[in-house]
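FYI, it's all coordinate maths here, none of it is from the lab. Computed from a predicted structure; not experimentally measured. Because the Cβ atoms are built from the backbone with ideal geometry, glycine has one as well, and the counts that use them run over all protein chains shown.
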Amino acid sequence: MIQYIKDLFSGIWNLLQGMKITMINFIRKPITECYPENRGTKVYAERFRGELTMPHNANNEHKCTGCGICQMNCPNGTITVKTKQITTDDGKTKKILDQYLYDLGSCTFCGLCTMGCPQKAIVWSNNFEHSVYRRATLVKQLNKEGSKLEEKKVVAPQQEEKKVINSNTNQQQ
Ligand code: SF4
Ligand code: SF4
């Protein structure tokens, strides 16, 4: 009999514990998001990954060198980096980015592309409104029409390493 009463109270206690969470959420405000009315004021967490983008500056320049590391890192084949050869003013041949294609429909937002990019040329935007009628519309070109590589591009990792070594050597002297 005593065991029966103990079990009864234990059951009621556990039930109340579960109901506590329900009641907290029931009375908290706001209960629902006023979407899409709050589109302009909605605050997103910094870590939110909505869509891959390639920032361009005011001169329509980006930081992508077309190295292809992000394409190799992507487990889904979501990124296609197309490059082309150009001849610079001083007669040298150089590889530059031609098209940066991103298939949003196959992206799992794992972030392996952004984490691996040595130039930090691609970042996440908060945009999550991706509804379209045709899947093909989800394939987007991230480099803008007529854009080019930023003039003061980030130094290649090997060169950067050499610079650090040199400055350390100078400090020791
Ligand atoms: S986005 Fe970054 S990793 Fe991808 S091709 Fe451009 S520079 Fe290379
Ligand atoms: S987030 Fe992941 S799946 Fe999406 S493009 Fe980057 S590497 Fe590919």
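Numbers below:
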| read-out | value |
| --- | --- |
| Selection status of K82, surrounded by 10 or more Cβ atoms within 10 Å (Cβ to Cβ), over 21 Å from K152 (Cβ atoms), among the charged types (D, E, K, R) and within 16 Å of ligand 2 (Cβ to nearest atom) | yes |
| Among the residues listed as I69, I79, I86, the single one being among the hydrophobic types (A, V, I, L, M, F, W, C) and in contact with an Asp or Glu (Cβ under 9 Å, 6 or more places away or on another chain) | I79 |
| Wholly within region 52-142, strands (runs of 3 or more DSSP E) carrying at least 1 residues that are touching a residue at least 60 places away in the same chain (Cβ under 8 Å) and either away from ligand 1 (no atom under 15 Å from the Cβ) or out of contact with any strand residue (DSSP E or B) (no Cβ under 6 Å at 6 or more places or on another chain) (or both) | 123-125 |
| Extreme residue, nearest to C70 (Cα to Cα), among residues of region 19-53 that are surrounded by 10 or more Cβ atoms within 10 Å (Cβ to Cβ) and either touching a Ser or Thr at 6+ places or on another chain (Cβ under 6 Å) or of a type in the set (G, A, S) (or both) | T53 |
| Failed criterion for Q17 (all others in (1) in a helix (DSSP H, G or I); (2) touching a helix residue (DSSP H, G or I) at 6+ places or on another chain (Cβ under 9 Å); (3) of a type in the set (S, T, N, Q) hold) | (2) |
| Subset tally (residues that are in contact with a Ser or Thr (Cβ under 7 Å, 6 or more places away or on another chain), more than 30 Å from N38 (Cα to Cα) and charged (D, E, K, R)) for region 70-128 | 3 |
| Conditions (1) of a type outside the set (V, I, T); (2) under 17 Å from P75 (Cα atoms); (3) under 12 Å from the mean Cα position of the chain (by Cα): number failed by W124 | (2) |
